[in-house]
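Take a look at the structure below.
The values are calculated or read from the model by the stated rules, or taken from the named source; none is laboratory data. Just so you know, these numbers come straight off a predicted model, no measurement behind them. Using ideal geometry, Cβ is built from the backbone for each residue, glycine included, and neighbour counts are taken over all protein chains shown. Accessible surface is based on the protein model in full, side chains and every heavy atom, while ligands, DNA and RNA are left aside. Shrake-Rupley method; radii C 1.70, N 1.55, O 1.52, S 1.80 Å.
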Amino acid sequence: MCRNFLSDPLPDGLLLELLDQARRAPSAGNTQAVEFCVVTEPERYWQITLTPERRAEFPWPGLLVAPALVVVLTEPERYVKRYSEPDKASTGLGDGLEAWPVPYWWVDAGMAVHHLLVAATAAGLGSCFFGVFEHEAAVIEGLDIPEDRRIVGTVALGYPDEDRPSSSSSRPRRPLDEIIHYGSPP
Ligand SMILES: Cc1cc2nc3c(=O)[nH]c(=O)nc-3n(C[C@H](O)[C@H](O)[C@H](O)COP(=O)(O)O)c2cc1C
C-alpha cells in the first residue's frame, strides 16, 4: 500500500482500463455485484470524511493528494436474486441475506479490489485501500451512490512518492508453517 502520492494526474483512459481489469475478478455465481464510484476530484471525498480539525492532524497528508479515488461498492440483494435463479435455488441462499454463512458480497468485492491493486501496480501506480468506517452513509449521500449499495472501502490511486510505511506495514510476515493447517500431521 502507498500512502504518499505525487499529485500528478493519471493519463487519460488509464483509470477505465484498471477498472475494466478489476471487474474481471471472480464472483460467486458470477453475480458481478461489485461496482465502482470514480472520484476524480478527491477533495469532494475528503470534504465528506475529514473534518477540518481531523485534517490538521491527519498523519497521511500524502494520501490526500492522490489524483483519483475509487469507492468500491457492492449490492448484497443482487446475490439473493442470483441465487434464486433455477441453477442456484437448491443452495437455499436465495431465501435472504441472513441465509449466507459467508457473505460473498464482501468476498467478491475483496477479489475485485485486489485485481484493481495488482492492475495499478502493473501500470506503475501506487495504491492504497482504506476503510470508510463511520462515513458510509455520508459518502453514499454526498457522492450520489444508490442507497442500496454498501461501501466496501476506497482505493487511492496515483504515482507514488517516497515510501512512508504505516505501523501496520512494518509488522513482520507470519511464518509460512504457522499459517498452514494440515488435516493430519504432515
Ligand atoms: C481489508 C483491509 C483494510 C485496510 N484498511 C486500511 C485503512 O483503513 N487504512 C490504511 O492505511 N491501510 C489499510 N489497509 C492496508 C493494510 O494496512 C496493509 O495492506 C498492510 O499493512 C500490509 O501492508 P502492504 O499492503 O503495504 O504490504 C487495509 C488493508 C485491507 C486488506
| task | List the number of the failed condition for VAL70; all other conditions in (1) touching a strand residue (DSSP E or B) at 6+ places or on another chain (Cβ under 8 Å); (2) within 15 Å of the ligand (Cβ to nearest atom); (3) free of Cβ contacts under 8 Å to residues at least 40 places away in the same chain hold. | result | (3)
| message | I'm trying to understand the selection: among the residues of region 2-19, which are open to solvent by 20 Å² or more (accessible area, probe 1.4 Å) and within 16 Å of the ligand (Cβ to nearest atom)? | response | ARG3, ASN4
| message | Restricting to region 1-56, name every residue that is in contact with an Asp or Glu (Cβ under 8 Å, 6 or more places away or on another chain), in a loop (DSSP other than H, G, I, E, B) and over 30 Å from LEU93 (Cβ atoms). | response | CYS2, ASN4, LEU6
| message | I'd like to check something: does region 169-182 contain any residue that is in contact with a helix residue (DSSP H, G or I) (Cβ under 7 Å, 6 or more places away or on another chain), open to solvent by 50 Å² or more (accessible area, probe 1.4 Å) and on the phi < 0 side of the Ramachandran plot? | response | no
| said: Given the criteria of a type outside the set (A, V, I, L, M, F, W, C) and within 15 Å of the ligand (Cβ to nearest atom), does SER184 qualify? | reply: no
| query | Of the numbered conditions (1) within 12 Å of the ligand (Cβ to nearest atom); (2) within 22 Å of PRO59 (Cβ to Cβ); (3) in contact with a Gly (Cβ under 8 Å, 6 or more places away or on another chain), VAL152 satisfies every one except a single condition; which is it? | reply | (2)
| task | Report whether or not VAL39 is surrounded by 14 or more Cβ atoms within 10 Å (Cβ to Cβ), away from the ligand (no atom under 16 Å from the Cβ), of a type outside the set (S, T, N, Q) and closer than 30 Å to GLU162 by Cβ. | result | yes
| said: Can you confirm whether ARG44 is open to solvent by 90 Å² or more (accessible area, probe 1.4 Å) and within 16 Å of the ligand (Cβ to nearest atom)? | reply: no
| query | Which one of these is within 14 Å of the ligand (Cβ to nearest atom), open to solvent by 20 Å² or more (accessible area, probe 1.4 Å) and without any contact (Cβ under 8 Å) to a residue 24 or more places away in the chain: PRO61, PRO52? | reply | PRO61
| query | Given the conditions (1) open to solvent by 20 Å² or more (accessible area, probe 1.4 Å); (2) under 26 Å from ASP8 (Cβ atoms), which single one is not true for PRO101? | reply | (2)
